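Read the figures in this text as sums done on the coordinates, not as results from a lab. Note that the structure is predicted; figures quoted are calculated from it, not measured. Methodologically, a virtual Cβ is constructed for each residue, glycine included, from the backbone with ideal geometry; neighbour enumeration extends over all protein chains shown.
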Amino acid sequence: MGAYEDLMAFQRDTEALAQVAGRLSWDQETMMPRGAADQRSDERAAMEAVLHQRRTDPRIGEWLAAIAEDQLDPIAKAQLRHIRRSHERAVRVPESLASELARLISRAHVIWAEARADDDFNAFAPVLKEVIALRQQEGAALAAGGDVYDALLDDYEPGAKAADLKAMFGALRPRLVALREAVLSQPQPKGLDGTFDETGQMKLARMLARTFGYDLKRGRVDKAVHPFSSGSGDDVRITTRTMPLEPFNCFYSTIHEVGHACYEQNINPAYRLTPLGGGVSMGVHESQSRIYENQLGRSRAFTGWLYRQMRDTFGDFGIKDEDGFYAAVNSVRNGYIRTEADELQYNLHVLLRFDLERALISGDLLVDDLEAAWNDRFEADFGFAVDTPSNGVLQDVHWSAGLFGYFPTYSLGNVYAGCLYKALTTAVPDLDAQLVKGDTRAATSWLRDNLQQYGGLYTPRAVIEKASGGAPTEGPLLDYLEEKFSALYGV
């Protein structure tokens, strides 16, 4: 067992360093002085070089070869599965490429943020070309003759294939489009009146975080342009954002990121700083954020409780009762922004990005044609034209960060959430009676016990099957959406 113990001790240090690298990214999004961007780029590149050296260390291969796997327990075998996969992928990517990618995406993020603020895609396009070129090189190295996009996708959803996702998403689209058209033909519910001060929003956001089980002794809530969750184990941080006229943006961004954070906080502590100590995939991660945000947080039962909290915090905001508030929370309206989209239209935003980024990586779509392609596709899917780049091709941070293959995990996570919610409501038949009191413990405990605690122990598909009792399919999500929005809009 000496080889296994040596390998795990080495891996623990690698995992710790990866957490430090993640903290550099968190700081860049939240507190870093603007003038520090170039230095931070060098710092992240240096850290990535160290991590790449560790992940490609030849001793890993020697340790793996020396370990008698048939003598290991299932947990140790799962640790080796992750380490072997990471090592095999890392040795295919030259250290110089890994370091250059880290340096470039740090610089690209700053350029993207400025281009977005200036509504100038042309200012971002040159560095985006560089990012895509390096990711294509990386994907080709990882694919070893296979599909380049699948190789990149595997970073975020191990085992997933673009062809399978394309088929699943193709089954989603017709029913989503039909329901969207039916709903938008009906009168819209009344929205909120007045303005909502930042102090009140952040106070209520922290209350919501605690309500959904987020441990603030091991986390914190900050503000960022693009809300996100970062970290694992005993240091899991989230961000949200405030808008004076749109407090739901703050509240549901918070609940969404809390779903991510609780997944990380609830993983078995014995797995901390090991390959099993983080969420197993981005699709599974997204299933937690979406079920917290939507099936629980936007339910009729929970919004009744939230209505009362908002009245206590802000006073009268023009909605007379809980039913009107539920309708306002779940209103379906035309909009440009993915992160602000209602759950009925959200996946249409993701499918647009999935198709465009596959074309970018394959070379079928050039960056110079990307803005026009985005605008054409958006108008075809949503029925109105993009007005500014910040509401279109520049709205998301992902491509500046080189996260090609990430976008489809958002819709996959929604599909997973639909399957999990169906199982949850069977297991907790009085769920609504608890949510109406603002008590999420039965729901979050079920998710902790049936999925979150396992971290990376099982493969993504296996943990969803284990929790939901069957293979993931788009059916439960579509059924849930049709039942909810048909009742809300009377269609």
Simple spin-label estimate for Met32/Asn334, 7 Å along Cα→Cβ, in nm, reads 3.8 nm
Here the averaged projected area of region 3-134, based on the convex hull of its alpha-carbon atoms and given in nm², is 9.4 nm²
If N is the residue count of region 258-316, its Cα Rg over 2.2 N^0.38 Å rounds to 1.52
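Could you work out the mean projected area of the convex hull around the alpha carbons of region 131-235, in square nanometres to one decimal? Mind showing how you got there, number by number?
Details: hull surface 48.4 nm².
Seen from a random direction, the Cα hull of region 131-235 projects 12.1 nm² on average.
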Quick one: length gained pulling His226 to Gln434 fully straight, 0.36 nm per residue minus the C-alpha distance?
-> 71.7 nm
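Given R₀ = 35 Å, FRET efficiency for Ala9-Asp215 by Cβ-Cβ distance, to 0.05?
0.80
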How large are Rg and Dmax for region 364-491 when only the alpha carbon atoms are used, in Å?
-> 19.2, 54
For the residue pair Glu246 and Ala178, what label-to-label distance in nm results when each label sits 7 Å from Cα along the Cα-to-beta-carbon direction?
-> 3.0 nm
In order over region 144-155: 3J(HN,Hα) from phi, Karplus 6.51/-1.76/1.60, θ = phi - 60°, whole Hz, x for each Gly or Pro, gives 6, x, x, 6, 5, 5, 4, 5, 6, 4, 5, 4
Can you work out the PRE-style zone for Lys320? Point 7 Å along Cα to Cβ, and I want the residues of region 191-212 with backbone N under 18 Å.
-> 191-194
Length added when fully stretched, Ala401-Asp119, from 0.36 nm per residue minus Cα-Cα | 99.7 nm
Long-range amide H partners of Thr240 with built H, under 5 Å | Asp222, Lys223, Ala224
Per-pair calculated FRET efficiency, R0 = 25 Å: Asp164 and Glu379 via Cβ, rounded to 0.05 | 0.30
Going by average Cβ neighbours within 10 Å, how do the peptides 348-355, 130-137 rank, with the highest at the top?
-> 348-355, 130-137
Diagonalise the Cα gyration tensor of region 135-490 and give the resulting equivalent ellipsoid semi-axes, square root of 5 times each eigenvalue, largest first, whole Å.
-> 30, 26, 20
Where nothing but the Cβ of Lys and Arg (+1) and of Asp and Glu (-1) is charged, how large is the charge dipole of the chain around its Cα centre, in debye to the nearest 20?
-> 1040 debye
Holding the Cα-Cα limit at 29 Å, pick out from Lys190/Lys484; Lys217/Lys320; Lys203/Lys320; Lys129/Lys161; Lys320/Lys422 the pairs that are longer than that.
-> Lys217/Lys320; Lys320/Lys422
Rounded tilt (10° steps) of 95-118 against the dominant C-alpha axis of the chain = 20 degrees
Estimated inter-spin distance, Arg206 and Gln71, nm [label 7 Å along Cα→Cβ] | 5.3 nm
